[in-house]
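Heads up: the structure comes next, in structure tokens.
Laboratory data are not the source of any read-out in this text; all were calculated from the coordinates shown. Just so it is clear, the structure is predicted and the values come from calculations on it, not from any experiment. Methodologically, a virtual Cβ is constructed for each residue, glycine included, from the backbone with ideal geometry; neighbour enumeration extends over all protein chains shown.
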Amino acid sequence: MGLVGVAREGEQNLADICDVCGKPLDEENVSRCLMCGRRFHMAWSTDAPVGNCGRAFFDERSSALGFICNPCVDENREIGGLLIDMG
Ligand SMILES: [Zn+2]
Ligand SMILES: [Zn+2]
């Protein structure tokens with residue numbers, strides 16, 4: 001019994017928070033949304049301990065792979081047909 005973790009030190013990297021789910025980001029499994037510029041969880045390996053908070057899609061204009069966060073997917077329905085299923 002007792003108070004634990006009330007005042008944690010070393011929490012200076014407040015920017016390293018997923019803007020979609022609000023949980024901490026690690027350095028590897030993160031992408032940047034092309035629409036809003038926010039960073040979010042994108043698992044780069046199947047055993048990564050994070051979920052995907054965004055999607056990959058094919059940008060026809062630049063002929064390149066891009067990433068978009070889930071809120072932007074919801075707001076930009078026209079991009080639905082370009083989404084890539086990453087499994
Ligand atoms: Zn997230
Ligand atoms: Zn976004």
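Here are some notes:
- Vicinal HN-Hα couplings computed from phi for region 57-67 (Karplus, 6.51 cos²θ - 1.76 cosθ + 1.60; Hz; Gly/Pro x): 8, 9, 7, 5, 5, 9, 6, 9, 7, x, 10
- Point-charge dipole on Cβ atoms (K/R +1, D/E -1) for region 30-84, about Cα centre, debye to 20: 160 debye
- Fewest neighbouring Cβ atoms within 10 Å first, the residues 59, 26, 47 line up as 47, 26, 59.
- Based on the Kirkwood approach, the hydrodynamic radius assigned to region 30-84 is 11.4 Å, with every pair of different Cα atoms included.
- Among 53, 36, a tally of other beta-carbon atoms within 10 Å of each Cβ gives an order, fewest to most, of 36, 53.
- Of the chymotrypsin sites (Phe, Trp or Tyr not before Pro) found in region 34-87, the ones in coil according to DSSP and having at most 16 other Cβ atoms within 10 Å of their Cβ are 44.
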